[in-house]
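What follows is a single structure, written as structure tokens, with notes after it.
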Amino acid sequence: DIHVSIVSKRLSPVKSAFAEKEFKAGVVLYNMGFPVPEPIGEIKEGGNTYFLWRKLERSKSFGFDDPRVGKQIEEIARRLEQSGIKHYDFNDRNFVITNERGKPKVYLIDLERMQIPSKIVRKYFEK
């Protein structure tokens, strides 16, 4: 058995459109190798939608003043630009820094405003 900590977002039908967009962006970026929380799946129940993500634990050991963190953020920005992907809310509140084996690992979050070229989205959602 594998046990995974997950985070779910319970949403009304009105808010679920934004969450669905964020989840789809997460699926695309995760499959492209971007450091985003792993999208696990979705559950619809009683008019609510639950989007499930692997939970990230914020590190208290590393901050934005660590040069390794800055390099990772620069790399994320470079890869997004190269791919033609726009985040539209690229700021320090939209990163989670974790401690992975004593080193900082930066994850991009809050993906609901992202604009991903349709040719990229089709690759992951139209089979």
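Laboratory data are not the source of any read-out in this text; all were calculated from the coordinates shown. Worth saying up front: this structure is predicted, and the values here are computed from it rather than measured. No Cβ is skipped: glycine too gets one built from the backbone with ideal geometry, and neighbour counts run over all protein chains shown.
Take segment 29-63 and flag every residue that is more than 24 Å from ILE116 (Cα to Cα) and either within 12 Å of the chain's Cα centre (by Cα) or surrounded by 13 or more Cβ atoms within 10 Å (Cβ to Cβ) (or both).
Hits for segment 29-63 are ASN48, SER59, PHE62.
So which residues in segment 75-118 are within 22 Å of LYS60 (Cβ to Cβ) and of a type in the set (D, E, K, R)? Step through it out loud before you land on a result.
Within segment 75-118, the first condition is being within 22 Å of LYS60 (Cβ to Cβ), and the residues that meet it are 76, 91-110.
Across segment 75-118, the qualifying residues are ASP92, ARG93, GLU100, ARG101, LYS103, LYS105, ASP110.
Let me spell it out: the conditions are (1) of a type in the set (Phe, Trp, Tyr); (2) surrounded by 13 or more Cβ atoms within 10 Å (Cβ to Cβ); (3) touching a residue at least 24 places away in the same chain (Cβ under 8 Å), and PHE125 meets all of them except one. Which number is the exception?
(2)
Quick one: in segment 79-115, of everything that is under 13 Å from the mean Cα position of the chain (by Cα) and touching a residue at least 60 places away in the same chain (Cβ under 8 Å), which residue is surrounded by the most Cβ atoms within 10 Å (Cβ to Cβ)?
In this case the residue turns out to be LEU111.
Would you pick out the residues in segment 22-67 that are of a type in the set (Asp, Glu) and not in a strand (DSSP E or B)? Give the steps one after another, and end with the answer.
In the first step, residues of segment 22-67 are kept if they are of a type in the set (Asp, Glu); the result is 22, 38, 42, 45, 57, 65-66.
Within segment 22-67, GLU22, GLU38, GLU57, ASP65, ASP66 qualify.
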